[in-house]
Amino acid sequence: MTVAPRFQFQNGTLHAEDVSLAQLAKEFGTPLYVYSRAALHDAWQSYARALEGRKALVCFGMKANSNLAVLNEFSRLGAGFDIVSGGELARVLAAGGDAGKVVFSGVGKQVWEMQAALDAGVKCFNVESEAELERLAQVAASSGRTAPVSLRVNPDVDARTHPYISTGLKENKFGIAIETAPRVYRRAMNLPGLRVVGVDCHIGSQITEAAPYLDALDKLIALIHGLRDEGIHLRHLDLGGGIGIRYTDEQVLEPVTLLDQVFARLEEAGLGHLELVLEPGRSLVGNAGALLTEVQYLKHSEAKNFAIVDAAMNDLLRPTLYDAWHSVEPVMPRPVTSATPSYDIVGPICESGDWLARDRVLELHQGDLLAILSAGAYAFAMSSQYNTRPRAAEVMVDGDRSHVVRPRETLESLFDTERLLPDA
């Protein structure tokens, strides 16, 4: 196993750090999300080392994993947060995060969300359209506040990733076309209630090479120089997030490899004074989590073999949504032989798209526990209650201890806010 270094076998049983996953399943049931605190620290340190002594702020892209314990851990480490909703802002504040380190992204900010962010004192609004800019100016001016803004520009750079998580092309809904950006910056400078502070760019997710970032950076540098010539001086450059993780055999882009090149180009361009803001999400939490599930039934047929488990697409949507690949490891594996069949790992939801993995050669028995690895990002955060299924519990492992950081939902909680109609 190379994809999740804090999930390793000890005495024939898969562990998270020093805690047996079999014991966690026995204690808390399945499906169960398990996170490694040490893995969160490992990922954070990969950025901290790359940025040591440099003017930079790492804002965790919390849409990847918004559990309060995860947010609190990154806040303790000094992180800011990249948010995309008023609800995410509320989570940051509830977790003890610093609003002054929050950048507010997202294409559809509503008035109440803008007002809440102004009241909290966020670091910056990443504005994604001219209409949003006008609305933000109105909200800020009417409340007697000044909104710090950067424009999220769309550089039309191919991130060379899955089309659903590519965000920097002209046909994507995100950002303002970089050719249009100078005019919009001029408009922002003349609107009341706004203070222009930066430029933002995010080209996609699960990126495994530096070239797309550097292509986007070159376009941002040219834009910044053009703005400076017009008397518009920025304080920070936000290069977004998107560094990929290893799900299988990907060659991972290390933060230091990218950032050394980024800072070198900024210095060469005379922009070394700018603060660099980053918005990593997946690369901070992806390999820190696993989804535990139990095999309910084995179903063999002439065309396919199915391992029907108690986790489903409502627990982990990525395979259905993105055709995503996750490593599946038996918690207590048996030897694989030439007679071992391959299985599709599927859930109990009434959809043909309810699958978690395909064609995995595994020696399985009914009742076996499986760990779906690299499930710390876009996993629980995208889960639902489809088919009236309670969402999984979440547990954080810290050395030889474990802590429930979100209890399993009860059946009653799924409909306790619903109301019957009165008698006719």
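The values are calculated or read from the model by the stated rules, or taken from the named source; none is laboratory data. Here the structure is a predicted model, which means the values were calculated and not measured. Every residue, glycine as well, gets a Cβ built from its backbone with ideal geometry; the counts of neighbours run over all protein chains shown.
The residue that is nearest to G240 (Cα to Cα), among those in segment 86-130 that are of a type in the set (V, I, T), under 19 Å from the mean Cα position of the chain (by Cα) and assigned to a strand (DSSP E or B), is V103. Yes or no: segment 122-129 includes at least one residue that is more than 30 Å from D310 (Cα to Cα), of a type in the set (G, A, S) and assigned by TED's automatic domain parsing to the domain that holds C201. Taking every residue of segment 122-129 in turn, at least one turns out to be more than 30 Å from D310 (Cα to Cα), of a type in the set (G, A, S) and assigned by TED's automatic domain parsing to the domain that holds C201. In this structure, E268 qualifies as under 30 Å from H202 (Cβ atoms) and free of Cβ contacts under 8 Å to residues at least 60 places away in the same chain. Out of all the residues in segment 1-42, which are aliphatic (A, V, I, L, M), surrounded by fewer than 21 Cβ atoms within 10 Å (Cβ to Cβ) and within 15 Å of V70 (Cα to Cα)? A38 - this is the single residue of segment 1-42 that is aliphatic (A, V, I, L, M), surrounded by fewer than 21 Cβ atoms within 10 Å (Cβ to Cβ) and within 15 Å of V70 (Cα to Cα).
Against the condition closer than 30 Å to A264 by Cα and of a type outside the set (F, W, Y), how does D98 come out, does it pass?
For D98, the condition - closer than 30 Å to A264 by Cα and of a type outside the set (F, W, Y) - is met.
When you scan segment 285-299, do you find a residue that is farther than 30 Å from E17 by Cα, assigned by TED's automatic domain parsing to the domain that holds E329, without any contact (Cβ under 8 Å) to a residue 60 or more places away in the chain and not small (G, A, S), even just one? The answer is yes; a qualifying residue exists. Within segment 238-255, no residue satisfies the criterion of being basic (K, R) and either outside the structural domain of C201 (by TED's automatic domain parsing) or without any contact (Cβ under 8 Å) to a residue 12 or more places away in the chain (or both). Across segment 4-19, which residue is nearest to the chain's Cα centre (by Cα) among those that are of a type outside the set (D, E) and closer than 25 Å to N72 by Cα? Taking the candidates together, the pick is A4. Looking across segment 290-311 at every residue that is over 17 Å from T30 (Cβ atoms) and assigned to a strand (DSSP E or B), the one that is modelled with the lowest pLDDT is identified as H300.
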